[in-house]
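The values are calculated or read from the model by the stated rules, or taken from the named source; none is laboratory data. Given the structure is predicted, the values throughout are model-derived calculations rather than measurements. Here the Cβ positions follow ideal geometry from the backbone for every residue, glycine too, while neighbour counts run over all protein chains shown. All accessible areas refer to the heavy atoms of the entire protein, side chains included, with ligands and DNA or RNA removed. Shrake-Rupley method; radii C 1.70, N 1.55, O 1.52, S 1.80 Å.
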Amino acid sequence: MTVPDASSSLPLAGVRVLDLSRVLAGPWCTQTLADLGADVWKIEAPGQGDDTRGWTPPDVDGESTYFMCTNRSKRSLAIDLRHPEGRALARRLALQADVLVENYRLGALARFGLDYDTLSQAHPGLIYCSISGYGRTGPRAAEPGYDFVIQAESGLMSITGEPEGAPMKLGVAITDLVTGMNATQAVLAALLARQKTGKGQLIDLALLDSAVNVLANVGAGYLAAGQVPQRLGNGHPTVVPYQIFATADGAFALGVGNDAQFAALCAALGRPEWAEDERYRKNRSRALNRGSLVPALQQIFMTQSSEHWLARIRAAGIPAGPVRTVPQALDAPEIAARGLLADTPDARHGSLRLMRSPLHLRGTPPREPAAPPRLGEHTDEVLAQALGASAADIQAWRHAGAVA
(Lines give C-alpha, C1' and ligand atoms only; values in the text may rest on other atoms or scores of the structure.)
Protein backbone atom coordinates (compact mmCIF):
# COMPACT_ATOMS: atom_id res chain seq x y z
CA MET A 1 0.00 0.00 0.00
CA THR A 2 1.24 3.50 -0.79
CA VAL A 3 0.31 6.76 0.85
CA PRO A 4 -3.36 7.44 -0.09
CA ASP A 5 -3.81 10.26 -2.59
CA ALA A 6 -0.18 11.34 -2.16
CA SER A 7 -0.60 13.97 -4.84
CA SER A 8 1.70 16.96 -5.13
CA SER A 9 -1.44 19.14 -5.35
CA LEU A 10 -2.27 18.48 -1.69
CA PRO A 11 -1.35 21.44 0.56
CA LEU A 12 1.03 19.43 2.78
CA ALA A 13 2.33 17.00 0.18
CA GLY A 14 5.88 16.01 1.09
CA VAL A 15 5.51 16.87 4.80
CA ARG A 16 6.37 13.90 7.04
CA VAL A 17 4.78 13.63 10.46
CA LEU A 18 5.89 11.25 13.21
CA ASP A 19 2.83 10.68 15.37
CA LEU A 20 3.71 9.60 18.90
CA SER A 21 0.31 10.64 20.25
CA ARG A 22 -2.61 8.59 21.45
CA VAL A 23 -6.34 8.87 22.16
CA LEU A 24 -7.75 12.18 20.83
CA ALA A 25 -6.06 15.59 20.99
CA GLY A 26 -2.81 14.59 19.28
CA PRO A 27 -4.42 12.18 16.80
CA TRP A 28 -7.02 14.84 15.91
CA CYS A 29 -4.16 17.17 14.95
CA THR A 30 -2.28 14.55 12.94
CA GLN A 31 -5.46 13.40 11.20
CA THR A 32 -6.01 16.95 9.97
CA LEU A 33 -2.42 17.10 8.77
CA ALA A 34 -3.03 13.79 6.95
CA ASP A 35 -6.21 15.20 5.40
CA LEU A 36 -4.12 18.06 4.04
CA GLY A 37 -1.63 15.69 2.45
CA ALA A 38 1.03 14.98 5.07
CA ASP A 39 2.42 11.46 5.33
CA VAL A 40 1.62 10.54 8.95
CA TRP A 41 3.58 7.69 10.55
CA LYS A 42 1.61 6.59 13.61
CA ILE A 43 3.79 4.72 16.12
CA GLU A 44 1.85 2.21 18.23
CA ALA A 45 2.81 -0.29 20.89
CA PRO A 46 2.90 -3.85 19.53
CA GLY A 47 -0.05 -6.00 20.58
CA GLN A 48 -2.02 -3.11 22.02
CA GLY A 49 -1.78 -0.02 19.88
CA ASP A 50 -3.51 3.26 20.55
CA ASP A 51 -5.70 3.09 23.67
CA THR A 52 -8.78 3.84 21.61
CA ARG A 53 -8.44 0.59 19.66
CA GLY A 54 -9.91 -1.01 22.77
CA TRP A 55 -12.59 1.62 23.42
CA THR A 56 -15.82 -0.18 22.56
CA PRO A 57 -18.76 -0.18 22.10
CA PRO A 58 -19.63 0.92 19.48
CA ASP A 59 -17.55 -1.15 17.10
CA VAL A 60 -17.58 -2.67 13.63
CA ASP A 61 -16.87 -6.40 13.95
CA GLY A 62 -14.79 -5.72 17.03
CA GLU A 63 -12.93 -2.66 15.67
CA SER A 64 -13.42 0.55 17.61
CA THR A 65 -15.30 3.36 15.89
CA TYR A 66 -13.61 5.75 18.35
CA PHE A 67 -10.24 4.85 16.82
CA MET A 68 -11.74 5.22 13.33
CA CYS A 69 -12.94 8.76 14.00
CA THR A 70 -9.47 10.18 14.51
CA ASN A 71 -7.01 8.06 12.51
CA ARG A 72 -8.05 8.13 8.87
CA SER A 73 -5.39 8.41 6.17
CA LYS A 74 -2.47 7.51 8.46
CA ARG A 75 0.11 4.70 8.31
CA SER A 76 0.61 2.55 11.40
CA LEU A 77 3.93 1.16 12.60
CA ALA A 78 4.11 -1.27 15.52
CA ILE A 79 7.35 -0.28 17.29
CA ASP A 80 8.18 -1.07 20.90
CA LEU A 81 9.69 2.05 22.47
CA ARG A 82 10.64 0.01 25.53
CA HIS A 83 13.07 -1.96 23.37
CA PRO A 84 16.46 -0.32 22.69
CA GLU A 85 16.29 -1.07 18.99
CA GLY A 86 12.69 0.14 18.87
CA ARG A 87 13.74 3.45 20.41
CA ALA A 88 16.60 3.70 17.92
CA LEU A 89 14.18 3.19 15.03
CA ALA A 90 11.81 5.85 16.38
CA ARG A 91 14.74 8.25 16.69
CA ARG A 92 15.79 7.56 13.09
CA LEU A 93 12.24 8.23 11.94
CA ALA A 94 12.16 11.47 13.96
CA LEU A 95 15.30 12.66 12.20
CA GLN A 96 13.56 12.06 8.85
CA ALA A 97 10.35 13.84 9.89
CA ASP A 98 9.33 17.46 9.52
CA VAL A 99 6.90 17.35 12.45
CA LEU A 100 6.67 15.24 15.59
CA VAL A 101 3.47 15.23 17.68
CA GLU A 102 3.44 13.61 21.14
CA ASN A 103 1.32 13.54 24.30
CA TYR A 104 3.37 11.44 26.71
CA ARG A 105 3.68 12.19 30.41
CA LEU A 106 6.33 14.75 31.38
CA GLY A 107 9.83 13.27 31.04
CA ALA A 108 8.75 9.95 29.50
CA LEU A 109 10.21 10.61 26.05
CA ALA A 110 13.36 12.13 27.53
CA ARG A 111 14.13 8.71 28.98
CA PHE A 112 13.93 7.33 25.44
CA GLY A 113 16.04 10.09 23.89
CA LEU A 114 12.97 11.31 21.99
CA ASP A 115 12.54 14.67 23.71
CA TYR A 116 12.82 17.99 21.87
CA ASP A 117 16.15 19.04 23.36
CA THR A 118 17.82 15.81 22.30
CA LEU A 119 16.28 15.53 18.84
CA SER A 120 16.67 19.21 17.91
CA GLN A 121 20.44 19.02 18.38
CA ALA A 122 20.62 16.53 15.51
CA HIS A 123 17.64 17.94 13.60
CA PRO A 124 17.33 21.73 14.08
CA GLY A 125 14.50 21.90 11.55
CA LEU A 126 12.21 19.59 13.54
CA ILE A 127 8.85 21.00 14.58
CA TYR A 128 8.02 19.27 17.86
CA CYS A 129 4.44 19.59 19.11
CA SER A 130 3.96 18.52 22.71
CA ILE A 131 0.40 18.17 24.03
CA SER A 132 -0.46 17.67 27.69
CA GLY A 133 -3.17 18.39 30.22
CA TYR A 134 -1.49 21.32 31.96
CA GLY A 135 1.47 22.24 29.75
CA ARG A 136 5.14 21.38 30.08
CA THR A 137 5.74 24.18 32.59
CA GLY A 138 3.93 25.15 35.77
CA PRO A 139 3.07 23.41 39.03
CA ARG A 140 0.90 20.69 37.45
CA ALA A 141 3.07 19.82 34.45
CA ALA A 142 3.62 16.25 35.65
CA GLU A 143 -0.09 15.47 36.05
CA PRO A 144 -2.11 13.61 33.43
CA GLY A 145 -4.92 15.57 31.82
CA TYR A 146 -8.33 14.18 30.90
CA ASP A 147 -11.05 16.07 29.08
CA PHE A 148 -13.73 15.43 31.70
CA VAL A 149 -11.59 16.89 34.48
CA ILE A 150 -10.40 19.75 32.29
CA GLN A 151 -14.00 20.67 31.44
CA ALA A 152 -14.67 20.89 35.17
CA GLU A 153 -11.53 22.85 36.06
CA SER A 154 -11.73 25.30 33.15
CA GLY A 155 -15.15 26.68 34.06
CA LEU A 156 -16.83 25.18 30.99
CA MET A 157 -19.04 22.89 33.09
CA SER A 158 -20.10 25.76 35.31
CA ILE A 159 -21.77 27.50 32.37
CA THR A 160 -23.30 24.34 30.86
CA GLY A 161 -26.61 22.93 32.06
CA GLU A 162 -29.91 24.14 33.43
CA PRO A 163 -29.86 27.07 35.89
CA GLU A 164 -31.00 24.94 38.83
CA GLY A 165 -29.28 21.77 37.66
CA ALA A 166 -25.80 20.36 38.07
CA PRO A 167 -22.84 21.55 35.99
CA MET A 168 -22.64 19.44 32.84
CA LYS A 169 -19.97 18.41 30.35
CA LEU A 170 -20.40 18.68 26.61
CA GLY A 171 -21.36 15.42 24.88
CA VAL A 172 -17.96 15.08 23.18
CA ALA A 173 -14.42 15.63 24.51
CA ILE A 174 -14.39 19.26 23.47
CA THR A 175 -11.15 20.23 25.22
CA ASP A 176 -9.27 17.47 23.38
CA LEU A 177 -10.81 18.46 20.05
CA VAL A 178 -10.08 22.17 20.49
CA THR A 179 -6.52 21.41 21.57
CA GLY A 180 -6.10 19.23 18.48
CA MET A 181 -7.31 22.11 16.32
CA ASN A 182 -4.96 24.52 18.09
CA ALA A 183 -2.11 22.07 17.55
CA THR A 184 -2.85 21.96 13.83
CA GLN A 185 -2.78 25.75 13.63
CA ALA A 186 0.47 25.90 15.58
CA VAL A 187 2.13 23.26 13.39
CA LEU A 188 1.09 25.06 10.21
CA ALA A 189 2.41 28.35 11.61
CA ALA A 190 5.70 26.66 12.54
CA LEU A 191 6.02 25.22 9.03
CA LEU A 192 5.60 28.72 7.59
CA ALA A 193 8.12 30.13 10.07
CA ARG A 194 10.62 27.41 9.12
CA GLN A 195 10.42 28.49 5.49
CA LYS A 196 11.76 31.88 6.61
CA THR A 197 14.27 30.83 9.25
CA GLY A 198 15.15 27.24 8.39
CA LYS A 199 14.58 26.36 12.03
CA GLY A 200 12.01 24.22 13.76
CA GLN A 201 10.67 24.89 17.22
CA LEU A 202 8.97 23.42 20.28
CA ILE A 203 5.19 23.84 20.55
CA ASP A 204 3.81 23.43 24.09
CA LEU A 205 0.01 23.03 24.16
CA ALA A 206 -2.17 22.37 27.21
CA LEU A 207 -5.77 21.15 27.30
CA LEU A 208 -6.45 23.54 30.17
CA ASP A 209 -5.13 26.54 28.18
CA SER A 210 -7.32 25.62 25.22
CA ALA A 211 -10.38 25.09 27.40
CA VAL A 212 -10.02 28.40 29.22
CA ASN A 213 -9.45 30.15 25.90
CA VAL A 214 -12.81 28.95 24.54
CA LEU A 215 -14.64 30.63 27.39
CA ALA A 216 -14.56 33.46 24.83
CA ASN A 217 -17.23 36.10 25.51
CA VAL A 218 -18.10 34.55 28.87
CA GLY A 219 -14.49 34.79 30.02
CA ALA A 220 -14.17 38.33 28.70
CA GLY A 221 -17.31 39.34 30.57
CA TYR A 222 -15.69 38.34 33.83
CA LEU A 223 -12.19 39.65 33.08
CA ALA A 224 -13.24 43.07 31.81
CA ALA A 225 -16.56 43.67 33.57
CA GLY A 226 -16.40 41.44 36.64
CA GLN A 227 -19.62 39.65 35.68
CA VAL A 228 -19.79 36.13 37.10
CA PRO A 229 -21.55 33.97 34.48
CA GLN A 230 -24.40 31.63 35.38
CA ARG A 231 -25.85 28.56 33.72
CA LEU A 232 -28.70 29.45 31.38
CA GLY A 233 -29.61 26.06 29.97
CA ASN A 234 -30.04 26.61 26.23
CA GLY A 235 -30.26 30.36 26.67
CA HIS A 236 -27.58 32.88 25.75
CA PRO A 237 -26.09 35.25 28.34
CA THR A 238 -26.20 38.25 26.00
CA VAL A 239 -28.46 37.59 23.01
CA VAL A 240 -32.25 37.13 23.49
CA PRO A 241 -34.24 35.24 22.24
CA TYR A 242 -31.53 32.68 21.47
CA GLN A 243 -32.55 29.27 22.78
CA ILE A 244 -34.73 26.16 22.42
CA PHE A 245 -38.50 26.64 22.40
CA ALA A 246 -41.09 23.88 22.84
CA THR A 247 -43.89 23.57 20.29
CA ALA A 248 -47.12 21.62 20.06
CA ASP A 249 -45.24 18.54 18.84
CA GLY A 250 -41.57 19.00 19.74
CA ALA A 251 -39.01 21.78 19.91
CA PHE A 252 -36.81 23.97 17.73
CA ALA A 253 -33.81 26.25 18.08
CA LEU A 254 -34.32 29.97 17.51
CA GLY A 255 -31.42 32.38 17.08
CA VAL A 256 -32.40 36.06 16.90
CA GLY A 257 -29.07 37.75 16.41
CA ASN A 258 -29.98 41.44 16.12
CA ASP A 259 -32.74 44.00 16.49
CA ALA A 260 -33.82 43.81 12.85
CA GLN A 261 -34.31 40.06 13.15
CA PHE A 262 -36.34 40.58 16.30
CA ALA A 263 -38.63 43.01 14.49
CA ALA A 264 -39.05 40.47 11.71
CA LEU A 265 -39.87 37.78 14.28
CA CYS A 266 -42.49 40.00 15.90
CA ALA A 267 -44.13 40.57 12.53
CA ALA A 268 -44.07 36.84 11.74
CA LEU A 269 -45.73 36.08 15.08
CA GLY A 270 -48.39 38.78 14.73
CA ARG A 271 -46.92 40.84 17.55
CA PRO A 272 -45.39 43.85 15.73
CA GLU A 273 -45.92 46.03 18.81
CA TRP A 274 -43.21 44.12 20.66
CA ALA A 275 -40.59 45.54 18.32
CA GLU A 276 -41.46 49.04 19.60
CA ASP A 277 -41.81 48.07 23.24
CA GLU A 278 -38.96 49.65 25.20
CA ARG A 279 -38.57 46.42 27.16
CA TYR A 280 -37.70 44.52 23.98
CA ARG A 281 -36.75 46.96 21.22
CA LYS A 282 -33.00 46.67 21.80
CA ASN A 283 -31.05 43.51 22.52
CA ARG A 284 -29.75 44.82 25.84
CA SER A 285 -33.31 45.46 26.97
CA ARG A 286 -34.39 42.00 25.84
CA ALA A 287 -31.54 40.42 27.79
CA LEU A 288 -32.53 42.34 30.91
CA ASN A 289 -36.22 41.50 30.43
CA ARG A 290 -35.92 37.89 29.28
CA GLY A 291 -38.07 36.92 32.27
CA SER A 292 -41.17 38.34 30.59
CA LEU A 293 -40.26 37.96 26.91
CA VAL A 294 -39.28 34.29 26.86
CA PRO A 295 -42.48 33.02 28.53
CA ALA A 296 -44.58 35.14 26.17
CA LEU A 297 -42.81 33.67 23.16
CA GLN A 298 -43.11 30.16 24.59
CA GLN A 299 -46.86 30.57 24.97
CA ILE A 300 -47.19 31.43 21.27
CA PHE A 301 -44.93 28.62 20.04
CA MET A 302 -46.96 26.01 21.93
CA THR A 303 -49.96 26.72 19.73
CA GLN A 304 -48.53 25.19 16.53
CA SER A 305 -46.16 22.48 15.35
CA SER A 306 -42.41 22.83 14.91
CA GLU A 307 -42.82 22.51 11.14
CA HIS A 308 -45.28 25.41 11.13
CA TRP A 309 -43.01 27.72 13.07
CA LEU A 310 -39.82 26.78 11.21
CA ALA A 311 -41.47 27.52 7.87
CA ARG A 312 -42.79 30.88 9.04
CA ILE A 313 -39.65 31.99 10.87
CA ARG A 314 -37.25 30.93 8.11
CA ALA A 315 -39.42 32.71 5.55
CA ALA A 316 -38.81 35.88 7.57
CA GLY A 317 -35.03 35.37 7.26
CA ILE A 318 -34.47 34.42 10.90
CA PRO A 319 -32.10 31.56 11.82
CA ALA A 320 -33.99 28.55 13.19
CA GLY A 321 -33.68 24.80 13.00
CA PRO A 322 -35.02 21.52 14.35
CA VAL A 323 -33.45 19.79 17.34
CA ARG A 324 -32.07 16.71 15.59
CA THR A 325 -30.74 13.43 16.85
CA VAL A 326 -27.28 12.39 15.67
CA PRO A 327 -28.74 10.02 13.03
CA GLN A 328 -31.04 12.78 11.79
CA ALA A 329 -28.11 15.20 11.58
CA LEU A 330 -25.82 12.80 9.71
CA ASP A 331 -28.62 11.85 7.32
CA ALA A 332 -29.68 15.45 6.68
CA PRO A 333 -29.80 16.54 3.02
CA GLU A 334 -27.55 19.55 3.58
CA ILE A 335 -24.83 17.27 4.97
CA ALA A 336 -25.11 15.06 1.89
CA ALA A 337 -24.98 18.13 -0.35
CA ARG A 338 -21.75 19.26 1.30
CA GLY A 339 -20.15 15.85 0.78
CA LEU A 340 -19.09 15.51 4.41
CA LEU A 341 -19.53 11.73 4.49
CA ALA A 342 -17.57 9.23 2.44
CA ASP A 343 -17.97 5.53 1.72
CA THR A 344 -14.34 4.52 2.12
CA PRO A 345 -12.91 1.24 0.75
CA ASP A 346 -11.62 -1.02 3.50
CA ALA A 347 -9.75 -4.30 3.17
CA ARG A 348 -11.61 -6.02 6.02
CA HIS A 349 -15.10 -4.54 5.89
CA GLY A 350 -15.37 -3.76 2.20
CA SER A 351 -16.44 -0.21 2.95
CA LEU A 352 -16.59 2.11 5.94
CA ARG A 353 -18.73 5.23 6.19
CA LEU A 354 -16.36 7.92 7.46
CA MET A 355 -16.21 11.68 7.74
CA ARG A 356 -14.34 13.72 5.18
CA SER A 357 -12.33 16.73 6.25
CA PRO A 358 -14.56 19.79 6.73
CA LEU A 359 -11.82 21.98 5.21
CA HIS A 360 -13.14 22.97 1.78
CA LEU A 361 -10.14 24.37 -0.09
CA ARG A 362 -11.21 24.97 -3.67
CA GLY A 363 -7.71 25.07 -5.14
CA THR A 364 -6.01 22.39 -3.07
CA PRO A 365 -8.74 20.23 -1.52
CA PRO A 366 -7.90 17.67 1.17
CA ARG A 367 -7.31 14.07 0.16
CA GLU A 368 -10.08 11.55 0.02
CA PRO A 369 -10.11 9.63 3.31
CA ALA A 370 -8.32 6.31 3.49
CA ALA A 371 -9.45 3.69 5.98
CA PRO A 372 -7.86 3.89 9.44
CA PRO A 373 -4.89 1.52 9.56
CA ARG A 374 -4.73 -1.81 11.31
CA LEU A 375 -2.11 -2.04 14.03
CA GLY A 376 1.34 -2.24 12.42
CA GLU A 377 -0.11 -2.44 8.91
CA HIS A 378 2.60 -0.25 7.41
CA THR A 379 5.60 -1.12 9.58
CA ASP A 380 7.61 -2.78 6.81
CA GLU A 381 6.55 -0.27 4.17
CA VAL A 382 7.52 2.86 6.11
CA LEU A 383 10.78 1.45 7.45
CA ALA A 384 11.79 0.52 3.92
CA GLN A 385 10.72 3.85 2.40
CA ALA A 386 11.87 6.22 5.15
CA LEU A 387 14.98 4.43 6.41
CA GLY A 388 15.99 2.33 3.42
CA ALA A 389 15.66 -0.81 5.55
CA SER A 390 15.95 -4.15 3.80
CA ALA A 391 13.63 -7.10 4.33
CA ALA A 392 16.43 -8.78 6.27
CA ASP A 393 16.82 -5.72 8.52
CA ILE A 394 13.11 -5.65 9.29
CA GLN A 395 13.01 -9.37 9.94
CA ALA A 396 15.90 -9.03 12.37
CA TRP A 397 14.15 -6.22 14.24
CA ARG A 398 10.98 -8.28 14.35
CA HIS A 399 12.84 -11.32 15.65
CA ALA A 400 14.41 -9.15 18.36
CA GLY A 401 11.00 -7.81 19.40
CA ALA A 402 11.68 -4.21 18.42
CA VAL A 403 8.86 -4.18 15.85
CA ALA A 404 5.77 -6.26 15.21
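Worth a mention:
- For ILE127, the stated conditions do not hold, so it cannot be described as modelled with pLDDT of 95 or more, under 19 Å from the mean Cα position of the chain (by Cα), surrounded by 17 or more Cβ atoms within 10 Å (Cβ to Cβ) and closer than 25 Å to VAL214 by Cβ.
- For GLY376, the stated conditions hold: it is closer than 28 Å to ALA90 by Cα and either out of contact with any His (no Cβ under 6 Å at 6 or more places or on another chain) or in a loop (DSSP other than H, G, I, E, B) (or both).
- When the residues of the stretch 147-196 are filtered to those that are surrounded by 15 or more Cβ atoms within 10 Å (Cβ to Cβ) and assigned to a loop (DSSP other than H, G, I, E, B), the one that is farthest from the chain's Cα centre (by Cα) is GLY161.
- Residue within the stretch 7-28 that is in a strand (DSSP E or B) and closer than 18 Å to ARG356 by Cβ present: no
- Hey, GLN328 of a type outside the set (Gly, Ala, Ser), loosely packed, with under 13 Cβ neighbours inside 10 Å, within 24 Å of the chain's Cα centre (by Cα) and at pLDDT 95 or above or not: yes
- Test: residue in the stretch 269-289 that is closer than 25 Å to ILE174 by Cα, buried (at least 16 other Cβ atoms within 10 Å of the Cβ) and either of a type in the set (Ser, Thr, Tyr) or not assigned by the TED database to the domain that holds ILE159 (or both): no
- Of the residues making up the stretch 90-106, not a single one is surrounded by fewer than 17 Cβ atoms within 10 Å (Cβ to Cβ) and small (Gly, Ala, Ser).
- Total residues in the stretch 231-268, condition in contact (Cβ under 8 Å) with a residue 60 or more places away in the chain, over 26 Å from the mean Cα position of the chain (by Cα) and farther than 19 Å from GLN304 by Cβ: 1
- Candidate set from the stretch 202-225 (those that are open to solvent by less than 30 Å² (accessible area, probe 1.4 Å) and free of Cβ contacts under 8 Å to residues at least 40 places away in the same chain); member that is farthest from the chain's Cα centre (by Cα): GLY221
- Contact map, the stretch 88-103: residues that are small (Gly, Ala, Ser) paired with residues that are part of a helix (DSSP H, G or I), Cβ distance under 6 Å, separation 6+ or inter-chain. Pairs shown: ALA94/LEU119.
- ALA267 vs. criteria not aromatic (Phe, Trp, Tyr) and not in a loop (DSSP other than H, G, I, E, B): yes
- Candidates ALA384, ALA391, ALA371 - the one that is open to solvent by 50 Å² or more (accessible area, probe 1.4 Å) and out of contact with any His (no Cβ under 7 Å at 6 or more places or on another chain): ALA391
- Any pair with Cβ under 7 angstrom, 6 or more apart, that starts in the stretch 41-68 at a residue that is assigned to a loop (DSSP other than H, G, I, E, B) and ends at one that is open to solvent by 70 Å² or more (accessible area, probe 1.4 Å): ASP50/ARG22; TRP55/TYR66
- Cross-chain or 6+ apart pairs with Cβ under 9 Å, the stretch 73-84 first and part of a loop (DSSP other than H, G, I, E, B), then buried (at least 24 other Cβ atoms within 10 Å of the Cβ) and hydroxyl-bearing (Ser, Thr, Tyr): LYS74/THR30
- Top-ranked residue in the stretch 269-284 [being acidic (Asp, Glu) and in contact with a helix residue (DSSP H, G or I) (Cβ under 8 Å, 6 or more places away or on another chain); ranked as farthest from LEU310 (Cα to Cα)]: GLU278
- Screening ARG314, ARG348 for residues that are of a type outside the set (S, T, N, Q), without any contact (Cβ under 8 Å) to a residue 40 or more places away in the chain and open to solvent by 80 Å² or more (accessible area, probe 1.4 Å) leaves exactly one candidate, ARG314.
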